[in-house]
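Everything below concerns the one structure shown next.
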Amino acid sequence: MSDRAKMIVILGVTSAMARALADEFAKAGHPVILAARDDEETAFIAADIRTRCEVNAIPMHFEAQAFEDHESFVNSCIESGEGTIGGVVLCYGFMDEQPKAQSDFDIARRTFDVNLTSAISVLEKFAAHFEARGEGFIAAISSVAGDRGRQSNYIYGASKAGLSAYLEGLRNRLYHRGVHVTTIKPGFVDTKMTFGLPGLFLVATPQQAAKAMYKAIVTRKNTAYVPWFWRYIMLIIRHVPDWQFKKMKL
């Protein structure tokens, strides 16, 4: 079976970027498994893709923090894909206001449980499947916020830094088994998560971000900043000396 016909799993498909990315894979001829916790919205997105792109789109329920259900979820994906799953893209995440995360440990814990712990839980199960087959890909949305701790979002940034480190190690492990891992680091994208945040600049649309993400995945990039110029913005930020950086209000 050609790579074009292999099924792609999109986790967190109800986010704007994930939905646009699902469109990119479907337009390229890939059937898709679309997973999220909002069953009604997920079913609507699947029906829309089936109609417009004329590929199979299967809606499935997925709860990031229901760790005990992840194994059965992955097995259901494998069964639904009839052994032809080509890859998985993790698109969900959680971010609350930094002051709330500082003062409410439940929010801080949820930030890590959703952004890091759940990613490890579900992606390790997909990794074992792809490793046994000797093919496939894993991609996940991290963030430029994980490149350096900033006072405005250091708890969210720490969870994304952990995710980036995890993906780097997973890439190193799976490279030797023919499985590729791509880390995607978006800058500011016009989504519900960023709506109303102060200080946003160079904001990309979800469609622009999805096209760049799709290209990074199919060309087997290791790490992709989305849009591309964020690589250089973060290069500058990472190289500000600590003695100066701690004085800045970022």
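The values are calculated or read from the model by the stated rules, or taken from the named source; none is laboratory data. Predicted model, so just to flag it, every value in this text is computed and none were measured. Virtual Cβ from ideal backbone geometry, glycine too; neighbours counted across all protein chains shown.
Before moving on, here are some points about what is shown:
- Residues being in contact (Cβ under 8 Å) with a residue 24 or more places away in the chain, surrounded by 15 or more Cβ atoms within 10 Å (Cβ to Cβ) and of a type outside the set (Asp, Glu) - total across segment 23-57: 17
- Of all the listed residues (Val74, Val122, Val88, Val114), the sole one being modelled with pLDDT of 95 or more, touching a Cys at 6+ places or on another chain (Cβ under 9 Å) and among the aliphatic types (A, V, I, L, M) is Val88.
- Across segment 58-79, the qualifying residues are those that are small (Gly, Ala, Ser) and buried (at least 16 other Cβ atoms within 10 Å of the Cβ), and the one among them that is farthest from the chain's Cα centre (by Cα) is Ser76.
- Test: residue in segment 60-79 that is in contact with a strand residue (DSSP E or B) (Cβ under 9 Å, 6 or more places away or on another chain), assigned to a loop (DSSP other than H, G, I, E, B) and among the hydroxyl-bearing types (Ser, Thr, Tyr): no
- Extreme residue, modelled with the highest pLDDT, among residues of segment 9-22 that are part of a helix (DSSP H, G or I) and surrounded by fewer than 22 Cβ atoms within 10 Å (Cβ to Cβ): Ala20
- From the options Glu131, Glu135, residue that is surrounded by fewer than 19 Cβ atoms within 10 Å (Cβ to Cβ) and closer than 27 Å to Ala209 by Cβ: Glu135
- Out of Gln151, Gln102, sole residue that is within 24 Å of Met234 (Cβ to Cβ) and not in a loop (DSSP other than H, G, I, E, B): Gln102
- As a summary of the residue check, Ile138 satisfies the conditions (1) farther than 19 Å from Leu34 by Cβ; (2) not in a helix (DSSP H, G or I) except for the one numbered (1).
- Residue in segment 147-160 that is surrounded by 17 or more Cβ atoms within 10 Å (Cβ to Cβ) and acidic (Asp, Glu) present: yes
- Glu97 being more than 22 Å from His129 (Cβ to Cβ), without any contact (Cβ under 8 Å) to a residue 40 or more places away in the chain and of a type outside the set (Val, Ile, Thr): yes
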